[in-house]
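The values are calculated or read from the model by the stated rules, or taken from the named source; none is laboratory data. Every value quoted in this text rests on a predicted model; they were computed, and no experiment measured them. Here the Cβ is made from the backbone with ideal geometry for all residues, glycine too, and neighbour counts use every protein chain on show.
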Amino acid sequence: MYWFFAELPGFNAQVNLSAAEIKRLADRIIAKSKETYDAVAAVPLDKVNFANAIAPLAELDAQQFPLVQACVLPRMVSPSEDICRASADAEKRLDSHFLLCSSNGGWLGLSCLPCKNPVISCKVTRQREDVYRVVKAFMERGERIGPEATRFVQCLVREFERNGAKLTQAKKEEMEKLKSLIDDLNLKYIQNMSDFTKFLLLSEEELAGMPPEFLKDLEETDGKRKVLLTGYYVTPILEHCKVGSTRKQIAVAYGQKGGKQNVAILEKLVQIRHRLARLLGYSNYSDFAIEPRMPMTSRKVLEFLEEMSEQLSDLANRELTVLKELKMKEEGNAQFGMEDLLYYMKRGEQHKVDLDIGEIKRYFPVKLVISGMLKMFQDLFALRFEEIKDVEVWHDTVRLFSVWDASSSDLLGYFFLDMFSRLKAHERNNELITQHKTHKSKAHALPHELVEGKYDHTCVVALQNGYMCSNGSRKVPVAVLLSQCPKEFDGNSALLRFPEVVRIFHEFSHVVHHISNRATFSRFSSLRLEGDFAEIPSLLLENWCYESISLKMMSGFYQDITKSVTTEACQSLKRRRDMFAGLKLKQEILLCLVDQIIHTSENVDIDDLVKDLHPKVHSKRFPFTFMSLMTMRVKCSFLKVFAADLFTTKFKDDLLNQHAGLRFRNKVLAPGGSKDPLEIITDYLGREPSLQPFIQSRTRNAL
Ligand SMILES: [Zn+2]
């Protein structure tokens, strides 16, 4: 039978809108949102109650979310240029409307910082002071409402106040001035980085160790090769070039990218961010930035980072000794420098891990990986996926599934898989082109980069959130998983590189997180979870890609799929992941510490700070460009620690245990953002999260 979306139970998301429909829908969204805010603002302060002040805002949020997504998704997936343009225009208009008016933070998509998904959300601020006064009056009345509703009201108030709702007019003007100064400085910083056109000319002898296809890609000038100082060229040289002096030259030149100007910009930014935070009533910028991301003070974050760094010291020292010995063997008595780190890590990996990464790829045909992954999630979380065929979607490679609870047969939601690259096979199979494109899009962090009419990254987009309607019925969540897998290769299912397998698994975990949500408010959908806690389940589930029992379910030799990847190969993949984990994590901690320290101060001398911190954390990383500091980066290390603790404590010896999976689904995935994330994890573990499982797991496999 042929399905129309409207016939699918609980399905309210709209796909396949025409350009004209997108435009009309955006108009309707703006009008309706203005109307609701005006109505709430008109409630007399002595007459406010939940029904006239809070419920309309919650309902507006729930109803408009899928409509906004319907307007903005097409620009990421539609093969039609007209529709893409209409969608991009609609997004711009909606963005500026919500900036002035009000709604919840972040409509579309998901930012995966640990996996470096670009952020695709229009940040929305709350500037309707008249609405703020009504919401605040409701909060002060202390009307009895449930814990989730209380949390919703607190979120509303916090968003208003973070945008200056409590400030006097003069202070508000000052806030705007500071914000626009911050924007200008950010822009200048990025411009300095991208205007940096310096290059080095190196002979083939100086580039010894680099593969011929790398050299071929370099322009030739006077018998030398021109190496541009971008990550695309610099990282492979730091990893593979045998000549120590070349690595050093490259590392030093790359480390100066952005130059002294950017250090000065950063110092200025620190001062202005501090002033902004003080103006809004916070003791420093770090407290301001952390508040919506994790329930901890900057002091607690700093303590945690220092403790982690200290506990990793033994491991990192042992790893460093191994690297120094390798250098001694290869280059004699030369001193070990930052520029040697990546090269000798690669060397160490080759010595200690018996793994042919090209060979391993032959065990991961795309179709097999996807079907194995779907089966595993169904088994583990007691879910049933049913494919809905004969429904008109935006491209003929897109598949739609409904999700059911395996025991109660309740409908839980829907997901689309839009997995395949729209590039033609010969283009996609030229890996160099693909890597180059991927690299370029990452380097410039363009959120809207399209390749052949499709968004150029693997990510998840929520089309509809799960929530409870005022009549007591439930709307179910709908998600889209976007990826750029190659479709076919010589008539066979194309093969995935192992990191791509992990990445798809990680993103699909977000889909399951979204579908498992049982919160009452749309605001608390898993993909709009506060801060970075949405990453923890996905980081936890990545572990299933490194255990042979589960990896075998997703693998099979491309010419004979009954032959799955061997147990030895699985162990090697895990050893490879964990090698030099101490040193790698210390580098992350260094960045977090610098970030944390400068943003708890009023003034800072960046050079002195780094000199002071380097010996503490053994960071030998180069280049060190401070780019990450521009965004108050997420504390990835925290998330990894929590994920490792959950894995070791609850799943390690019983990876496919449905009872454990179901408990995790109900206790950790279902609440979404309706509870404090740290409280959810503590409750599930029966204690506070601990550092030890992470350190032990990495130490066991490291060296
Ligand atoms: Zn993620």
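A few comments on the model shown:
- Of all residues in segment 175-192, those satisfying the criterion of being free of Cβ contacts under 8 Å to residues at least 24 places away in the same chain and either closer than 18 Å to residue 281 by Cβ or outside any helix (DSSP H, G or I) (or both) are 176, 177.
- Residue that is farthest from the ligand (Cβ to nearest atom), among those in segment 489-511 that are under 18 Å from residue 543 (Cα atoms) and among the aromatic types (Phe, Trp, Tyr): 498
- Of all residues in segment 192-216, those satisfying the criterion of being exposed (fewer than 14 other Cβ atoms within 10 Å of the Cβ), more than 18 Å from residue 249 (Cβ to Cβ) and under 31 Å from the mean Cα position of the chain (by Cα) are 194, 195.
- Inside segment 241-258, residues that are more than 27 Å from residue 329 (Cβ to Cβ) and either touching a helix residue (DSSP H, G or I) at 6+ places or on another chain (Cβ under 7 Å) or at pLDDT 90 or above (or both) make up a count of 2.
- Scan segment 343-379 for residues that are within 25 Å of the chain's Cα centre (by Cα) and of a type in the set (Asp, Glu) and the total you get is 0.
- Scope segment 133-150; condition within 26 Å of residue 38 (Cβ to Cβ) and in contact (Cβ under 8 Å) with a residue 40 or more places away in the chain; matching residues: 133, 134, 135, 137, 138, 141, 143, 145, 149
- Evaluation of residue 532 against (1) more than 14 Å from the ligand (Cβ to nearest atom); (2) crowded, with 20+ Cβ neighbours inside 10 Å; (3) part of a loop (DSSP other than H, G, I, E, B) (one fails), failing number: (1)
Here's the yes/no breakdown for (1) in contact with a helix residue (DSSP H, G or I) (Cβ under 8 Å, 6 or more places away or on another chain); (2) among the polar types (S, T, N, Q):
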| position | (1), (2) |
| --- | --- |
| 472 | no, no |
| 475 | yes, no |
| 479 | yes, no |
| 483 | yes, yes |
| 487 | yes, no |
| 496 | yes, no |
| 504 | yes, no |
| 507 | yes, no |
| 524 | yes, no |
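- Figure legend. Inter-residue proximity from segment 247-259: first residues closer than 18 Å to residue 606 by Cα, second residues part of a loop (DSSP other than H, G, I, E, B) and at pLDDT 85 or above, beta-carbon distance below 6 Å, spacing 6+ or different chains. Indicated pairs: 254/229.
- For segment 529-581, the tally of residues that are under 30 Å from residue 321 (Cα atoms) and hydroxyl-bearing (Ser, Thr, Tyr) stands at 3.
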